[in-house]
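Undergrad: Before we start, here is the structure in question, set down as structure tokens.
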Amino acid sequence: MLVPDRPLLVAAGCWLLLAVAAAVVPAWLPLWQTAGVALAALAVADALAARSRRGDVSVRRQLAHAMPVGTWQTVGLRLSCDAADAHGWLSDGHPTAFVSDGLPLRFAIARGRWLYLSYRVEVSERGRQFFDGITLRRSSPLRLWQMQERLAVRDEVRVYPNFARIAHYTLLATDNRLSQIGILQRRRRGQGMEFQQLRDYRQDDSPRQIDWKASSRVGRLISREYADERDQQIVFLLDCSARMRARDGDLSHFDHTLNALLLLAWVALRQGDAVGLATFGHARPRVLLPGKTVATVNTLMNAVYDLEPSLQVPDYLAASETLSHHLRKRALVILVTNLRDEDDDTLLPAVRQLRRRHAVSVASLREPVLDEVLGAPVEDFAAALMRAAGLEYLQARQRQLALLRHGGVEILDVSAGELPVALINHYRARKRSGTL
């Protein structure tokens, strides 16, 4: 497709002005006619030359084929032209859910050379995403036209939960600075620890750690050092129903949850535990048996990267029966959901069934809009009704949590943004207390 460029429009405007002048001064009529013929001939010749160069420019994308959601990523474009110099504008067909920064791009390539351009996209949706087609608007040799052509350049990327947080956690753990992100360093208590080694007594050691036989042999106090128990199982029971569609910032509750589970899985694997996953509340529930190899994190990402919350209502009892069928060894089952007061019928029986063999924790995501409603000033009748509805909902939610606590279930009632740190602290507390 050919589009008139600015020089052609300016020339056409001047020719029209000459037509007005020729109407006033008839002697200028031959000049106007000659100018029109010359302009038309140049325009046609330039258009034919532009069409003859179609397909001269080739473009190849350079991008990561695995991206974490909620991040900005750079997309590179390598342009080359073997026939003649080329200049114009370029626009890339990135996924519609992504926000781009830097498009369209201006380019100018000399014959036989290549050019690298780049722009950024905000990766805002998980799953399989496609970069499909590149649109070029290339200037004709005389700059009278812009020739638009579309190049069939298609690339697929997989958008995973945000594994960038793992690198951040690793860096802080290496430097013993986990407290900067809220990870608590608690002292061990209880007897659920494995013996690791003997060492010299330290001032803050408990008297129960002293090994009196070893101390008598060497003539000084020797303490036993314990390590957290290993080879335990952590299984996430992930709600994929409609209630996980609520949004907190740029991401949904479901995306926040996947990011948090991925981070906790990596932490648990580093502690020597096995990690598994079961999903419910959607058409095709998935079960990933616990594994403790290095590849388990990749397996988890590949199992959940294309999941999206459904429109179904969650059936906790069916989910617990499915998980109990696959999970024989005792495990810490972490149910991640968004509780409602109507969950009594299936939630409590499901929790009782799981607690017969497993330790159970429930992480319930709290909507930020609830805090906004309760914190807003009451200035009219509508605001009063909104406050009353919010309080009623909050009380029903608290009753549900109280019933679970009474049944021996540990509860995390946090916002989606607080979930990663809260889950890690909860896991470390339960592990060091020896209750797994």
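Undergrad: Being under 23 Å from Asn162 (Cβ atoms), open to solvent by 10 Å² or more (accessible area, probe 1.4 Å), of a type outside the set (A, V, I, L, M, F, W, C) and under 21 Å from the mean Cα position of the chain (by Cα) narrows it down to one residue among Thr337, Thr299, Thr257, Thr293; which is it? Explain how you work it out, then say what you get.
TA: Details: Thr337 fails: open to solvent by 10 Å² or more (accessible area, probe 1.4 Å); Thr257 fails: open to solvent by 10 Å² or more (accessible area, probe 1.4 Å); Thr293 fails: under 21 Å from the mean Cα position of the chain (by Cα).
Exactly one residue qualifies, and that residue is Thr299.
Undergrad: Okay, moving on. Mind checking which residues of the range 234-284 are in a strand (DSSP E or B), modelled with pLDDT of 85 or more and not charged (D, E, K, R)?
TA: Listed by number, the residues that qualify are Ile234, Val235, Phe236, Leu237, Leu238, Ala274, Val275, Gly276, Leu277, Ala278, Thr279, Phe280.
Undergrad: Run down Ala350, Ala396, Ala331 and say which single residue is touching a residue at least 24 places away in the same chain (Cβ under 8 Å) and under 29 Å from the mean Cα position of the chain (by Cα).
TA: Ala331
Undergrad: A further question follows. Does any residue of the range 368-376 turn out to be over 25 Å from Ser252 (Cα atoms) and out of contact with any Lys or Arg (no Cβ under 6 Å at 6 or more places or on another chain)?
TA: Within the range 368-376, the subset over 25 Å from Ser252 (Cα atoms) is none.
Checked the range 368-376: no residue is over 25 Å from Ser252 (Cα atoms) and out of contact with any Lys or Arg (no Cβ under 6 Å at 6 or more places or on another chain).
Undergrad: Pick from the range 356-385 the residues that are part of a helix (DSSP H, G or I) and more than 32 Å from the chain's Cα centre (by Cα): which of them is surrounded by the most Cβ atoms within 10 Å (Cβ to Cβ)? Can you show your working first?
TA: Residues of the range 356-385 that are part of a helix (DSSP H, G or I), as a first pass: 368-375, 381-385.
After this cut, where a residue has to be more than 32 Å from the chain's Cα centre (by Cα) as well, the list is 381-385.
Values: Phe381: 8, Ala382: 9, Ala383: 13, Ala384: 11, Leu385: 11.
Once the filter is applied, the top-ranked residue is Ala383.
Undergrad: Separate question: Filter the range 395-435 for residues that are open to solvent by 30 Å² or more (accessible area, probe 1.4 Å), at pLDDT below 80 and hydrophobic (A, V, I, L, M, F, W, C) and give the result.
TA: Scanning the range 395-435 gives Ala402, Leu403.
Undergrad: Name every residue in the range 36-55 that is at pLDDT below 85 and open to solvent by 40 Å² or more (accessible area, probe 1.4 Å), in order of residue number.
TA: Selection gives Arg51, Ser52, Arg53, Arg54, Gly55.
Undergrad: Separate question: Given the criterion over 30 Å from Val304 (Cα atoms) and part of a strand (DSSP E or B), identify the matching residue among Val37, Val44, Val59.
TA: Only one candidate passes the filter, namely Val59.
Undergrad: Turning to a different aspect of this structure: Please determine, by comparing only the residues of the range 202-220 that are in a loop (DSSP other than H, G, I, E, B) and over 54 Å from the mean Cα position of the chain (by Cα), which one is surrounded by the most Cβ atoms within 10 Å (Cβ to Cβ).
TA: Out of the qualifying residues, it is Arg220.
Undergrad: For Leu79, are the conditions met, namely being open to solvent by less than 10 Å² (accessible area, probe 1.4 Å), hydrophobic (A, V, I, L, M, F, W, C) and in a strand (DSSP E or B)?
TA: Yes, satisfied.
Undergrad: For the range 309-332, state whether one or more residues are open to solvent by less than 10 Å² (accessible area, probe 1.4 Å), assigned to a loop (DSSP other than H, G, I, E, B) and farther than 16 Å from Val360 by Cβ.
TA: no
The values are calculated or read from the model by the stated rules, or taken from the named source; none is laboratory data. Quick caveat: nothing in here was measured; it's all calculated off a predicted structure. Neighbour counts are summed over all protein chains in view; Cβ atoms, including those assigned to glycine, are modelled from backbone coordinates with ideal geometry. In case anyone asks, the SASA skips ligands and DNA or RNA and just uses the protein heavy atoms, side chains included. Shrake-Rupley method; radii C 1.70, N 1.55, O 1.52, S 1.80 Å.
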